[in-house]
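Notes follow the structure.
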């Protein structure tokens, strides 16, 4: 039942009003089952009946017209929270993933994570109040956190740059607001945003680069080791290089992180890589190290598309031109002509935007049966049950984007 509800809501969200007969056909359901589903959604206010559809010419359909149903965007709202090492972004949207309001604030890297969760909850309360939205209409929260996540226990296992370990962000947020919450590695969340709503739509495998790296395969996050994350920033470039926060030496992050580049002379009054372009020696060094790490990632993961986010998304076109020239000769031959490199469309808001499409439908069944902790989540074109559901994975496939 949960999966079918998700299918119905997704079709209405993506394609607009549909007749019940068309929804039943698209979902592979009987008319009786579809009627039960739409009755539940009508009762909850998520959908409404609407005028009959018309032919492409604009004339009414002949005969007795079927009654269509449409999504009611303002029936419920969902929130996305991006927690970085030194900043938090919060966003709220309606059921069509249209942004309603957002806010951001800075924090110290060594802040207590539970105190930070309390502060974030206060920001959410203030946002809904300012928009005249009841807190009760906020039906789900998605949190992006730094470092790998145990999806079953819903814990941030380790954040290298903050020192946080085994933090129960989702539990803490639910205790604050009593709203079902899901937690995800923040850069994986950004990858999902680009794969489902951004430049990566239609691509089977998207590699999103923000130093911490996310890989999305067939619409689902790839989690090596079950709950790990793809960490491009910790590919070793120079074994004799500077000590990294992870304990290794010469990681890519020690060469191209924002902090390192600022310390090495890139100004702060303009986009980072635009400032870097004025220092040809430093620019060449950074571009060379970045290309080396990216080539390793591409040969291991074989994505169809690479999307660059964060300060890479703000890089001048010359940076992309060089990358498109230097990278193909260093990847596997069958990928050289099909691999695409694009800048991200969401910028630094990608994490918060992504978690907006973790849309939640309450009071459904978990694999163990119904219960007060169950919640229903949409990840793009996959609807999952939480908290007992597991994230997907799989091997990346070479090939062009649709």
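The values are calculated or read from the model by the stated rules, or taken from the named source; none is laboratory data. Everything numeric here is computed off the predicted structure, so don't read it as measured data. Ideal geometry is used to build each Cβ from the backbone, glycine not excepted, and the neighbour counts take in all protein chains shown.
Restricting to the stretch 173-201, give me the number of residues that are surrounded by fewer than 21 Cβ atoms within 10 Å (Cβ to Cβ) and more than 30 Å from residue 306 (Cβ to Cβ).
Here the count works out to 6.
Testing residue 326 on (1) within 22 Å of residue 199 (Cβ to Cβ); (2) at pLDDT 85 or above; (3) under 28 Å from the mean Cα position of the chain (by Cα), one condition comes back false. Which one is that?
(3)
Answer with yes or no whether residue 111 is assigned to a helix (DSSP H, G or I), more than 15 Å from the chain's Cα centre (by Cα) and either surrounded by 14 or more Cβ atoms within 10 Å (Cβ to Cβ) or at negative phi (or both).
On the way: assigned to a helix (DSSP H, G or I): no; more than 15 Å from the chain's Cα centre (by Cα): yes; either surrounded by 14 or more Cβ atoms within 10 Å (Cβ to Cβ) or at negative phi (or both): yes.
Considered against the rule, which asks whether it is assigned to a helix (DSSP H, G or I), more than 15 Å from the chain's Cα centre (by Cα) and either surrounded by 14 or more Cβ atoms within 10 Å (Cβ to Cβ) or at negative phi (or both), residue 111 comes out as no.
Working only within the stretch 150-201, note down all residues that are part of a strand (DSSP E or B), in contact (Cβ under 8 Å) with a residue 40 or more places away in the chain and in contact with a helix residue (DSSP H, G or I) (Cβ under 8 Å, 6 or more places away or on another chain). Before you say what the answer is, go through the steps one by one.
Residues of the stretch 150-201 part of a strand (DSSP E or B): 150, 155-158, 165-167, 181-185.
Retained after the next criterion (residues that are in contact (Cβ under 8 Å) with a residue 40 or more places away in the chain): 150, 156-157, 167, 181-185.
Hits for the stretch 150-201 are 156, 167, 181, 182, 183, 184.
In the stretch 22-38, is there at least one residue being within 19 Å of residue 139 (Cβ to Cβ) and surrounded by 15 or more Cβ atoms within 10 Å (Cβ to Cβ)? Talk me through it step by step, then tell me what you get.
First, pick out the residues of the stretch 22-38 that are within 19 Å of residue 139 (Cβ to Cβ): 37-38.
Filter again for surrounded by 15 or more Cβ atoms within 10 Å (Cβ to Cβ), leaving 37-38.
The answer is yes; a qualifying residue exists.
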